[in-house]
Amino acid sequence: MNVTTALFTVAGNVASTATSSAAGTPDGGSSFDDTLKKLVDSVEGSSEQANTAVSGMLDKSVDVHDAMIALQRAEMSLQLAVQIRNKLVSAYQDIMRMPV
């Protein structure tokens, strides 16, 4: 799996999570809070996988290429989460600047 494929996988996971939460209903569906928690859990999971892969690389049970791909996947998912946070903060600031 190359970096581009990993990026599309991460983006697809976030998009499917967002789509499933948007389709949710107020009486039992996913909320925006649940979607953000899933995103954070996904970032943490990819970070843990990268750490495991690097540890495996050091004891020679994991190939260097696989470890680098895991690191890139973790970096891309973190960058995606940071950009989502930046957009949310920007939207909040725009709303706060609106005259009432």
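GLY29 meets the conditions (1) farther than 19 Å from ARG85 by Cβ; (2) assigned to a helix (DSSP H, G or I); (3) modelled with pLDDT of 65 or more; (4) touching a Ser or Thr at 6+ places or on another chain (Cβ under 8 Å) in every case but one. The failed one is (2).
Quick check on region 54-66: of everything there that is among the hydrophobic types (A, V, I, L, M, F, W, C) and in a helix (DSSP H, G or I), which residue is nearest to the chain's Cα centre (by Cα)? Write out each step before concluding.
Initially, region 54-66 is screened for residues among the hydrophobic types (A, V, I, L, M, F, W, C), giving 54, 57-58, 62, 64.
Add one more test, that the residue is in a helix (DSSP H, G or I), and what stays is 54, 57-58, 64.
Details: VAL54: 20, MET57: 24, LEU58: 26, VAL64: 23 Å.
Once the filter is applied, the top-ranked residue is VAL54.
Only one entry in ILE84, ILE69 is surrounded by 14 or more Cβ atoms within 10 Å (Cβ to Cβ), more than 14 Å from the chain's Cα centre (by Cα) and at pLDDT 90 or above, namely ILE69.
The values are calculated or read from the model by the stated rules, or taken from the named source; none is laboratory data. This one's a predicted model, so the numbers in the text were calculated from it and none came from an experiment. Note that each Cβ is placed from the backbone with ideal geometry, even for glycine, and that neighbours are counted across all protein chains shown.
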